[in-house]
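The structure appears right after this line, and notes come after that.
We did not get these values from a lab; they are worked out from the coordinates using the rules stated. Since we're looking at a predicted model, the values are computed, not measured. Here the Cβ is made from the backbone with ideal geometry for all residues, glycine too, and neighbour counts use every protein chain on show.
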Amino acid sequence: MNTVSQLRPLIEDSDSHFVLGVYDAMTARIGEAAGFDILFLTGFGVAATLVGVPDIGLVTMSESVDVCRHICDVVTRPVIADADTGYGNALSVRRTVRAFEAAGAAGLQLEDQVAPKRCGHMPGKQVISTDEMVGKLGSALDARRNDDFCIIARTDARSVESLAAAIERAHAYRAAGADVLFVEAPQSVVEMEQIASELNCPLIFNWSYDGVTPHVSRNWLTGLGYKFILFPDVVFAAHRALTSFVQQLGETDSLDLLAEQMTGFDEFNDFVELRHWRDLESRYVDEAQRQPATSQEAP
C-alpha cells in the first residue's frame, strides 16, 4: 500500500496520533511492531548513529535520503522525514522533496533556520526571513508529485525572536500551503496552550526528553488538540541501554549473566524476517547454493 495515501487520512481525522522518532531500519521495525501508526526519521538520531556527530547540520541530503530509503523498504507505516532546512535554498528544496518522495517517505519537515541548522533545543540558532521560508514552502509544494505528500513547516523563531513571532510565522506558513505546523521548543505550559489555541490547524508537538520544553503528559497534549505528538529520543534510550550493557560485558566472564539483556539468536532472526528470505531463497536459488539457517554450537 502507498504510505503517502495512509498519512493524509491521519492528518484529516479527528484523532491525535503518537509518532515515534526512528533513525535506522531496525528502530523503524521495532516501532512498527509496537503499533505506532507513523514513524519520523529524526535528523538528531541519524547524525548521532550514522556519522557520530551532533545535530548541527553536518548530515547531507544524500545520507538522510539513503537512511529513509532503507527504512521505507522494511516498514508499511508512513514515514515522515526530517529534511532540516531543505539542504539549501528554494531550488535545493525542490530536489530534496523529490529525493525523499522517491525514497518512499510520506512527507517531510522543513524548518526556517539559517544553515547550518542546530537541534531545536540547542542555543545559537538563527532563522531566515519569513518570505524566504514561504518561498521554500512554495517550492516544496510544487515539487511533490503526489498531492498527499505531507509538508510540515517548522519554525524555530520562539528561541530566536519570541513566541508571538513564531506564531505569526506559523500563520504565514499555513497560508503558504503547509499541511502541518510545528512551533519548536515552547518554554512553558502557557506557551503550549497558546500555540494550540491560536493555530487552528494540524499541529505537531515535539514531546522531547530533557530539552527546553517542560515535561507534560501526552493525554494533556491530546486534550489541547495537537494532531501529532512526536517522541524523537529513542536514541537516548539506545545510548543508555548499550552503554550499560557494554560496561557489564567488559566485566563478565559468562554470557549467561547477560541473558536478560539479550535477544536470542532465533528470536532476532524472526524479527528481521529470516524465514521470509528463506522462502524466497527456496523459490529462486539453486539448492546447492543454499546455506543452513541453524546456529552453530560454540566450543
Notebook entry, point to check: What does the highest-first list of 5-14, 166-175, 120-129 look like by mean Cβ count within 10 Å?
Noted result: 166-175, 120-129, 5-14
Item checked: GNM result for the chain, Cα springs below 10 Å: residue of Ser282, Ser197, Ser208 fluctuating most strongly -> Ser282
Next item on the list: Would you look at the GNM of the chain, springs on alpha carbons closer than 10 Å, and say which of Ala34, Ala81, Ala259 moves the most?
Entry: Ala259
Next item on the list: For Cα Rg over 2.2 N^0.38 Å, several values are listed as [x] 1.10; [y] 1.01; [z] 0.96; flag the one computed from this structure.
Entry: [x]
Item checked: Helix axis angle, 130-143 relative to the chain longest principal axis, alpha carbon, degrees -> 50 degrees
Checklist line | Debye, to nearest 20: dipole size of the chain, +1 on Lys, Arg Cβ, -1 on Asp, Glu Cβ | finding: 900 debye
Notebook entry, point to check: Between Glu287, Glu184, Glu111, which gets the highest mean-square fluctuation from a Gaussian network model of the chain, Cα cutoff 10 Å?
Noted result: Glu287
Check: For the Cα atoms of the chain, what angle does the longest principal axis make with the long axis of helix 3-12, in degrees from 0 to 90, nearest 10?
Finding: 40 degrees
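Tell me the net charge near Cys119. Cut-off is 13 Å between Cβ atoms, Cys119 excluded, with +1 for each Lys or Arg and -1 for each Asp or Glu.
On the way: positive: Lys117, Arg118, Lys125, Arg154; negative: Asp55, Asp82, Asp84, Glu111, Asp156, Glu184, Asp210, Asp233.
Counting the neighbours of Cys119, the net charge comes to -4.
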Next item on the list: Between the alpha-carbon centers of segment 215-243 and segment 107-166, tell me the distance in whole angstrom.
Entry: 21 Å
Item checked: Mean ellipticity per residue at 222 nm, deg cm²/dmol - from DSSP H runs of n ≥ 4 across the chain, formula -39500 (n - 2.57) -> -13500 deg cm²/dmol
Next item on the list: For the chain, find the longest principal axis of its Cα atoms and tell me its angle to the long axis of helix 189-198, 0 to 90°, nearest 10.
Entry: 70 degrees
Note to self: Pairs of alpha-carbon atoms within less than 8 angstrom and 6+ residues apart define the contacts here; what relative contact order does segment 187-299 have, in percent?
What the structure shows: 19 percent
Next item on the list: Compute the signed sum of charges (Lys and Arg +1, Asp and Glu -1) over the other residues within less than 15 Å, Cβ to Cβ, of Ile167.
Entry: -4
Notebook entry, point to check: Which of the peptides 147-153, 187-193, 250-256 is most tightly packed, and how do the rest follow, judged by the mean count of other Cβ atoms within 10 Å per residue?
Noted result: 147-153, 187-193, 250-256
Note to self: Need the C-alpha centroid separation for segment 10-71 versus segment 250-269, integer Å.
What the structure shows: 27 Å
